[in-house]
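Asks: Let me give you the structure first, and then I'll get to my questions.
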Amino acid sequence: MNQSKAPVLEALAAYHESGQTPFTPPGHKQGRGTDPRVRAVLGDAVFRSDVLATSGLDDRTSSQAVVEAAQALMAEAVGADHAFFSTCGSSLSVKSAMLSVAGPHDKLLVGRDAHKSVVSGLILSGIQPVWVDPQWDDERHLAHPPTAEAFEAAFAEHPDARGALVTTPTPYGTCTDLAALADVCHRRGRPLIVDEAWGAHLPFHPDLPAWAMDAGADVCVTSVHKMGSGLEQGSVFHLQGDLVAPEVLKSREDLLGTTSPSVLVYAALDGWRRQMVEHGRVLYDDALALAARTRERISRIDGMRVHGRDDFCGPGRAADMDPLQIIIDISAWEVTGYRAADWLRRQHRVNLHVADHRRVSAQLTHADDEGTADVLLAALTDLAAHAPELRTGRPVQVPPPSRIRLEQAALPRDAYFGPTEQVPWDKAHGRIAAEMLTPYPPGIPAALPGERLTRDVLRYLRSGVEAGMFVPDAVDPRLTSVRVVREE
């Protein structure tokens, strides 16, 4: 196929050139009805290109197959059999993938470090999760993705599981051995779903971790807005092989997706694919070199440890890591990542990625350069000088791995939709959670509906909130109380 083509962008240009007059949504009519104060902030181009996908970008019957052509080019570019665009983010894409593999009360092996969107999919579908424990680094209080051996053991115990779902890379950039995991699944004729939301860039440079399609995964979900040039909510899910039927996957997406997809999001996905095919190798040559220099410069700042392969990869740890995720341990200062990230935004207008009880992280992409790296370095250097002011003397009480995992006492769907009540947090020990309790970012639930709460996890969450942790999905974000299943 001609990868220099961009069907969505070309159709949008043709729409503008043809001088069409819409009597359809969107009601702003290409910005003519938009408040000038809004246009002053968002710009005229946003509204001019916000048109319908059908009876706009394409005709009423989509006879030009504009989006389908763009998806076919995407699939070819990354070595998949099929690609599907989503304008509802990977939160929708991963649910579509799950529902294409398992149904209500079917078992699905799921890494317990899954994103909250996976848990939402379990709640909506009634799928029974069989949790597979990630690899826990007890020294650094950090989870890496589960191993192929852990999934092998889970399949041995639950041979009726319909498939497996793993998250890799994690928000910390660490990866599992996908080729080995795909082999575990395929020897049983079961599909492997990979939530690769943080890995849309992986197909485009050989020095990045293995891309899920190359490793043999069946369905792979990518968030192009995270590490690529997509707009927010721009996601693509890819399919190969014959273990998941393309018409089933598309049907599940139709079930969950919007009937009013954003042409702006489609156009950005289309253009990013073309950019990567034509220039991705050079762009990531530069990005990886910049990341190496930036890592080395940050490591010279007193009290900052930049995690690299020696920390994250090897036996009992991750199989690989994405060096563009710069993870910085600041525990030597006795300062939480929450406090550090808030200070950097307030004092330097620098927004970092993950902040946890002892770390902050900076995500680099092909869009960064020496100028943005210098801004980051200046801000981190100043942070080091002010670290003593940020100590609270209230550390987050992180349980050891043996006590951080909770018993799955009920289906997530049953606990979430069943009768519930709100109880004080210190009275919730032993009760079954009816809500997700998710430190965000990175968005991995510490407790989820159907799990039996323990004092250790409750104390971890409470001490975390007191130290600056954000738990946005809780009914009570301050966690003075917790929603639990009502007991008869």
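The values are calculated or read from the model by the stated rules, or taken from the named source; none is laboratory data. Note that the structure is a prediction, hence the values are computed from the model and not measured. Cβ coordinates were reconstructed from backbone atoms using ideal geometry, including for glycine residues, and neighbour counts include every protein chain displayed.
Asks: If we scan the stretch 423-438, do we find a residue that is in a strand (DSSP E or B), surrounded by fewer than 20 Cβ atoms within 10 Å (Cβ to Cβ) and modelled with pLDDT of 95 or more?
Replies: Yes, some residue in the stretch 423-438 is in a strand (DSSP E or B), surrounded by fewer than 20 Cβ atoms within 10 Å (Cβ to Cβ) and modelled with pLDDT of 95 or more.
Asks: Quick check on this structure: which one of Asp242, Asp254, Asp285, Asp322 is farther than 26 Å from Ala65 by Cβ, acidic (Asp, Glu) and surrounded by fewer than 19 Cβ atoms within 10 Å (Cβ to Cβ)?
Replies: Numbers: Asp242 fails: farther than 26 Å from Ala65 by Cβ; Asp254 fails: farther than 26 Å from Ala65 by Cβ; Asp322 fails: surrounded by fewer than 19 Cβ atoms within 10 Å (Cβ to Cβ).
So the residue among Asp242, Asp254, Asp285, Asp322 that is farther than 26 Å from Ala65 by Cβ, acidic (Asp, Glu) and surrounded by fewer than 19 Cβ atoms within 10 Å (Cβ to Cβ) is Asp285.
Asks: Is it the case that Leu458 is in a helix (DSSP H, G or I) and either without any contact (Cβ under 8 Å) to a residue 60 or more places away in the chain or buried (at least 20 other Cβ atoms within 10 Å of the Cβ) (or both)?
Replies: yes
Asks: Moving on. How many residues, within the stretch 376-410, are touching a residue at least 60 places away in the same chain (Cβ under 8 Å) and either assigned to a helix (DSSP H, G or I) or loosely packed, with under 13 Cβ neighbours inside 10 Å (or both)?
Replies: 10
Asks: Of all residues in the stretch 7-31, which are of a type in the set (Lys, Arg) and touching a residue at least 12 places away in the same chain (Cβ under 8 Å)?
Replies: none
Asks: Could you check how many residues of the stretch 332-351 are part of a loop (DSSP other than H, G, I, E, B) and touching a residue at least 12 places away in the same chain (Cβ under 8 Å)?
Replies: Within the stretch 332-351, residues that are part of a loop (DSSP other than H, G, I, E, B) and touching a residue at least 12 places away in the same chain (Cβ under 8 Å) number 4.
Asks: Kindly list, by first and then second residue, each pair from a residue in the stretch 161-180 that is surrounded by fewer than 24 Cβ atoms within 10 Å (Cβ to Cβ) to a residue that is at pLDDT below 95, limited to pairs with Cβ atoms under 6 Å and residues at least 6 apart or on different chains.
Replies: These pairs meet every condition: Pro171/Val354; Pro171/Pro442.
Asks: Name the helices (runs of 4 or more DSSP H) wholly within the stretch 9-87 that hold at least 2 residues that are in contact with a Lys or Arg (Cβ under 9 Å, 6 or more places away or on another chain) and outside the structural domain of Pro203 (by TED's automatic domain parsing)?
Replies: Fully inside the stretch 9-87 and qualifying: 44-48.
Asks: Looking at the stretch 257-282, which of its residues are aliphatic (A, V, I, L, M) and surrounded by fewer than 16 Cβ atoms within 10 Å (Cβ to Cβ)?
Replies: Val282 - this is the single residue of the stretch 257-282 that is aliphatic (A, V, I, L, M) and surrounded by fewer than 16 Cβ atoms within 10 Å (Cβ to Cβ).
Asks: Is it fair to say Ser4 is touching a residue at least 60 places away in the same chain (Cβ under 8 Å), at negative phi, hydroxyl-bearing (Ser, Thr, Tyr) and exposed (fewer than 14 other Cβ atoms within 10 Å of the Cβ)? Break it down into steps so the answer makes sense when it comes.
Replies: Numbers: touching a residue at least 60 places away in the same chain (Cβ under 8 Å): yes; at negative phi: yes; hydroxyl-bearing (Ser, Thr, Tyr): yes; exposed (fewer than 14 other Cβ atoms within 10 Å of the Cβ): yes.
The answer is yes for Ser4.
Asks: Is it the case, given these coordinates, that Ala287 is closer than 20 Å to His353 by Cα, of a type in the set (A, V, I, L, M, F, W, C) and in a helix (DSSP H, G or I)? Working first, answer last.
Replies: On the way: closer than 20 Å to His353 by Cα: yes; of a type in the set (A, V, I, L, M, F, W, C): yes; in a helix (DSSP H, G or I): yes.
The answer is yes for Ala287.
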